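Visitor: After the structure tokens below, expect a handful of questions from me.
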Amino acid sequence: MSPSAHRIDVHQHVVPAFYRDELATAGIADAGGRALPDWRPESALRLMDLLGITTSIVSVSTPGTGFLTDPAKAADLARRLNDHSAALASDHAGRFGFFATLPMPDADASAAEAVRALHDLRADGVTLLANNRGTYLGEDDQDALWQTLNDRGAVVFVHPAQLPVPPVDGIPAFAADFLLDTTRAAYLLVRNGIPRRYPDIRFILSHAGGFVPYSSHRMALTIANDTARSPLDVLDDFRSFYFDTALSSSPAALPTLLAFARPGHVLFGSDWPFAPTPAGQYFANGLDDNVAPDTLKAVNRTNAEALFPRLAATSPTPPPALPAPVRLRQAAQRTAARLVFKLLQPSTD
């Protein structure tokens with residue numbers, strides 16, 4: 001991976017100390033089966049410099065505010081998280097943006113916080129979990145939120161959550177269930193006509209859309225049979241989504257994603273810090289080594305610039321000059337990561 005790639009990372013997370021404390025009070029020590037990682041701005045910037053990321057649009061991962069059953073407390077936590085992310089973006093101008101946290105499943109309160117975050121805090125969009133305490137995106141009674149977001153041409157970053165079913169021993173949620181959770185939300189959004197009724201919302205699906213690219217035709221035929229719509233129209237709705245590459249730019253997954261997604265609809269994602277630095281390096285190498293230069297440039301930056309025009313209005317902020325020992329250490333890390341990536345690819349026999 002090139003340190004001068006000027007990537008825009010649309011899938012990076014923040015875990016503020018006060019949020020960890022709230023989760024600990026509720027007895028929550030992990031997200032999707034992965035222990036809550038340590039997070040600090042300085043650590044995020046080091047990762048960004050290593051992967052050639054100039055700007056990260058950060059978000060709060062599962063469980064968001066959904067673990068709080070008191071609507072007022074959930075709305076208050078969402079406000080505090082958004083104020084924190086806005087301050088992070090202000091303190092590190094050019095390096096961070098943010099997707100606002102909304103207190104779902106309360107659609108009305110979420111619409112109100114979306115207005116505040118998008119207007120007052122200058123959020124780049126909003127984060128919505130695929131399901132909130134078992135209520136999926138695309139179900140009934142969410143129109144107030146969709147209309148609010150559509151009126152503002154908002155970007156919606158869809159991130160998976162715990163499936164509303166008992167876990168299976170030996171299968172961490174982040175390894176498999178997260179992909180199904182995103183796919184369920186995408187299916188319902190398309191099945192219930194949300195992308196067509198609210199065409200000015202731009203949805204980004206995490207982790208290459210879960211199973212969406214791979215199973216799109218199967219799902220489209222099912223929805224067409226259920227709704228009497230044209231399968232081609234249903235497929236077009238699935239292709240209206242944007243997709244990030246977090247944990248997904250492997251030689252197996254990436255060609256399917258690029259074959260399915262509309263041109264301009266694939267964006268770089270790292271999933272740091274829930275995906276540790278070696279994982280970020282592994283999948284960044286998968287992107288660097290498996291696509292043509294023009295496609296790589298688009299995925300790294302220009303597709304995101306089209307989605308977030310403010311990032312195209314100014315030249316990428318160059319990272320600060322690093323001491324020689326740090327540069328040498330990062331170069332060694334990149335070389336080692338490229339070697340590991342090549343060694344782990346399956347034989348073509």
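Values in this text are rule-based calculations from the coordinates and carry no lab data. Everything quoted here is computed from the prediction, not taken from an experiment. Ideal geometry is used to build each Cβ from the backbone, glycine not excepted, and the neighbour counts take in all protein chains shown.
Visitor: Scan region 244-255 and tell me whether some residue there is under 21 Å from His6 (Cβ atoms) and touching a Lys or Arg at 6+ places or on another chain (Cβ under 6 Å).
Guide: No, there is no match, as no residue in region 244-255 is under 21 Å from His6 (Cβ atoms) and touching a Lys or Arg at 6+ places or on another chain (Cβ under 6 Å).
Visitor: Restricting attention to region 195-209, does a residue exist that is without any contact (Cβ under 8 Å) to a residue 60 or more places away in the chain, crowded, with 24+ Cβ neighbours inside 10 Å, among the small types (Gly, Ala, Ser) and not in a loop (DSSP other than H, G, I, E, B)?
Guide: yes
The rows are residues; the columns are (1) closer than 25 Å to Val60 by Cβ; (2) part of a helix (DSSP H, G or I); (3) out of contact with any Pro (no Cβ under 8 Å at 6 or more places or on another chain).
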residue	(1), (2), (3)
Ala259	no, yes, no
Gly264	no, no, yes
Gly269	yes, no, yes
Pro278	yes, yes, yes
Phe283	yes, yes, yes
Gly286	no, yes, no
Lys297	no, yes, yes
Thr302	no, yes, yes
Leu311	yes, yes, yes
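Visitor: Quick one: would you say Thr222 is crowded, with 16+ Cβ neighbours inside 10 Å, of a type in the set (S, T, N, Q), part of a helix (DSSP H, G or I) and out of contact with any strand residue (DSSP E or B) (no Cβ under 6 Å at 6 or more places or on another chain)?
Guide: No, not satisfied.
Visitor: Would you confirm whether or not region 46-60 contains a residue that is of a type in the set (Ser, Thr, Tyr), touching a Leu at 6+ places or on another chain (Cβ under 7 Å) and within 13 Å of Leu128 (Cα to Cα)?
Guide: No, that holds for no residue.
Visitor: Can you tell which of Thr135, Thr227 is touching a residue at least 24 places away in the same chain (Cβ under 8 Å) and within 21 Å of Thr62 (Cα to Cα)?
Guide: Only one candidate qualifies: Thr135.
Visitor: Conditions: (1) free of Cβ contacts under 8 Å to residues at least 12 places away in the same chain; (2) under 27 Å from Arg191 (Cα atoms); (3) among the aliphatic types (A, V, I, L, M). Ala252 meets all but one. Number of the miss?
Guide: Only one criterion in (1) free of Cβ contacts under 8 Å to residues at least 12 places away in the same chain; (2) under 27 Å from Arg191 (Cα atoms); (3) among the aliphatic types (A, V, I, L, M) is unmet by Ala252, namely (2).
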